[in-house]
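Working notes, structure below.
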Amino acid sequence: MRVLLVEDTVGLGEAVQEQISADGHAVDWVQTLAFAETSVRTTHYDLILLDLQLPDGFGIDFLKSLRHGGNATPVIILTARDQVSDRIEGLNCGADDYLVKPFDLSELSARVFAVARRYRGNPNPVVSVGELTVNLGDHTVVRNGEPIELTSREWALLDAFLQHPGKLLSRSQLEDRLYEFGAEIESNTIEVYISRLRKKLGRDLVATVRGMGYRLKTHEG
């Protein structure tokens with residue numbers, strides 16, 4: 001997924017970015033609401049991790065603005081405000097989950113996955129594609145009974161295809177899922193990762209549509 005992290009505490013921001021990146025997601029980290037507003041105007045995000053107390057305003061106001069503008073991107077609030085009334089306000093304003101600081105990073109990963117699963121409309125974390133059995137929760141892949149090890153970037157690419165089975169994804173769309181703002185991307189990066197996935201998971205897993213992009217092959221296609 002492409003994740004926007006809005007957090008002004010440097011130590012926590014670094015830890016969260018590292019954790020979510022290790023889970024296979026591209027993370028854009030900003031420290032003010034102004035940068036957050038610019039980011040959502042220019043980039044499609046699958047999830048927003050939102051602190052409430054920021055240098056230039058209150059995260060709840062940003063959340064309200066998103067929802068009033070019709071932006072349905074899932075939002076998980078990350079905050080030290082632990083009163084029940086604060087949680088109720090956040091959820092009533094459109095947040096999908098609420099995590100109180102300090103929190104365990106592995107719990108954050110689990111909540112990110114849970115929210116993403118709900119938005120995908122599939123409560124089952126285990127999906128099958130041809131000879132593959134993929135557990136979206138613990139990031140494991142089994143092919144004909146044999147476990148397959150994937151790197152975080154390989155997993156991120158597979159996850160992008162699994163979210164859109166049979167649909168054409170362009171190179172730029174895939175790059176957006178794998179890399180955060182400012183990352184240096186070689187011209188053949190996507191082709192390299194596609195090749196690795198085919199080698200590990202099957203040559204026929206991903207079809208190339210010349211000059212347009214790639215799509216995950218399904219039983220129907």
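On a full-extension model of 0.36 nm per residue, what is the gain between LEU162 and ARG118, subtracting their alpha-carbon distance, rounded to one decimal in nm?
Stretched out fully, the LEU162 to ARG118 stretch lengthens by 14.4 nm.
Which residue fluctuates the most in the chain, going by a Gaussian network model with Cα springs under 10 Å, if the choices are VAL27, VAL206, VAL192?
VAL192
Taking every DSSP beta bridge that has both residues in segment 1-67, what percent is antiparallel when rounded to the nearest 5?
Expressed as a percentage, antiparallel bridges in segment 1-67 total about 20.
Quick one: length gained pulling ASP61 to THR9 fully straight, 0.36 nm per residue minus the C-alpha distance?
Net length gain for the segment: 16.8 nm.
Over segment 1-108, with the other protein chains present, what is the accessible area per residue in square angstrom, probe 1.4 angstrom? Walk me through the numbers before you get to the answer.
Working: 4740 Å² over 108 residues.
Per-residue accessible area for segment 1-108 comes out at 44 Å².
State, as an integer percentage, the relative contact order of the chain based on alpha-carbon contacts under 8 Å between residues 6 or more apart.
18 percent
So, in nm, how far is label SER170 from label ARG41 when the simple model puts each one 7 Å beyond its Cα toward the Cβ?
Here the modelled spin labels are 2.2 nm apart.
Among residues other than PRO102 whose Cβ falls under 14 Å from its Cβ, what is the net charge (Lys/Arg +1, Asp/Glu -1)?
-3
If you work out semi-axes √(5λ) of the Cα gyration tensor in Å from the coordinates, which of (i) 34, 23, 15; (ii) 32, 18, 16; (iii) 22, 20, 18 do you get?
Here semi-axes √(5λ) of the Cα gyration tensor in Å agrees with entry (ii).
Nearest-5 percent of antiparallel DSSP beta bridges in the chain?
The antiparallel proportion sits near 50 percent.
Would you calculate, for the chain, the mean residue ellipticity at 222 nm contributed by helices, counting each DSSP H stretch of 4 or more residues as -39,500 (n - 2.57) and dividing by all residues, to the nearest 500? Walk me through the numbers before you get to the answer.
Details: 8 runs with 91 residues, N = 221.
The helix-only estimate for the chain comes to -12500 deg cm²/dmol at 222 nm.
Label points 7 Å out from Cα along the Cβ direction at ILE88 and THR133: separation in nm?
4.5 nm
The values are calculated or read from the model by the stated rules, or taken from the named source; none is laboratory data. None of the values given here were measured: they were computed from a predicted structure. In this analysis, Cβ positions are derived from the backbone assuming ideal geometry, glycine residues included, and neighbour counts consider all displayed protein chains. Surface accessibility is based on the protein's heavy atoms, side chains included, excluding ligands, DNA and RNA. Shrake-Rupley method; radii C 1.70, N 1.55, O 1.52, S 1.80 Å.
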